[in-house]
Amino acid sequence: MKLIKILKCEKIKSGRSKYGEYFASFGLFYCPYCKRQVKKRLGIGRESLSCGCFRYKKHGEYKTRLYKLWGSMKERCLRSNWQYFKYYGGRGITVYKEWLKYIPFRDWALVNGYQDNLEIDRINNDGNYEPDNCRFITSAENARNRTNTKLNWNLVDEIRNRYNSGNYTQKQIAEEYNISVPHVCDIINYKRWGKK
């Protein structure tokens, strides 16, 4: 928030101080969301985006699945201390500027096939989160698109054809495709990568 003026130091009560009270500096801040002037402690006011009204903003959708999906997308690309940041923001993947606000992202998502059972996917895995590079797909489809996935439908069909020809053992196939023998067994028996 924007600091308008510094106010006098005030004595405030706190359970943190062994004496039960301490002095703190306050300031008058301007909240850009509700357009009010609010009194806050200097450190808190300077770091805050709003007076607290932002989380209850008009759209009222902060508990919806789409809102959480939007928040996760931004977190992956913008929050450097997030555990998977290295796979997204750490690789230079960014979020489309207009999508940094929820309403434009929500409007695009609803027009482009969002449903509560779908996940957002980047068509080009090295591209950014932006309208021309994003779509909504099922979690199973999304899992197949991850960078650590070794197989695709063509390779799965190839594995089944090789095994059914009788010329290859499961162990030979596993070594050739760099996957485990149990994985090959599951593919052959349609326990993984079921019928198209």
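For segment 123-131, 3J(HN,Hα) computed residue by residue from phi via the Karplus equation (6.51, -1.76, 1.60; θ = phi - 60°) reads 4, 9, 4, 9, x, 8, 7, 8, x Hz, glycine and proline entered as x. Note on residue 157/residue 123: beta-carbon distance plugged into 1/(1 + (r/R0)^6) with R0 of 35 Å gives a FRET efficiency of 0.95. The phi-based Karplus calculation (6.51 cos²θ - 1.76 cosθ + 1.60; θ = phi - 60°) puts the 3J(HN,Hα) values of segment 163-169 at 5, 5, 5, x, 8, 10, 8 Hz, whole numbers, x for Gly and Pro.
Over 20 Å apart at the Cα level, from the set 68/97; 2/97; 40/97, are 2/97; 40/97. Were the residues from residue 79 through residue 62 laid out at 0.36 nm apart, the gain over their Cα-Cα distance would be 4.2 nm. Students often get this wrong, so check it: of 8/63; 171/191; 8/35, which have C-alpha atoms separated by over 29 Å? Too far apart for the 29 Å limit: 8/63.
With the simple spin-label model, which puts each label point 7 Å out from Cα in the Cβ direction, the residue 30 to residue 190 separation comes to 6.7 nm. Sequence neighbours fewer than 8 away in the same chain don't count; with that in mind, list the aspartates and glutamates whose C-alpha is under 14 Å from residue 101. The qualifying aspartates and glutamates are 61, 75, 130.
FYI, it's all coordinate maths here, none of it is from the lab. All values reported here derive from a predicted model rather than from experimental measurement. Note: ideal-geometry Cβ built from the backbone for every residue, glycine included; neighbour counts use all protein chains shown.
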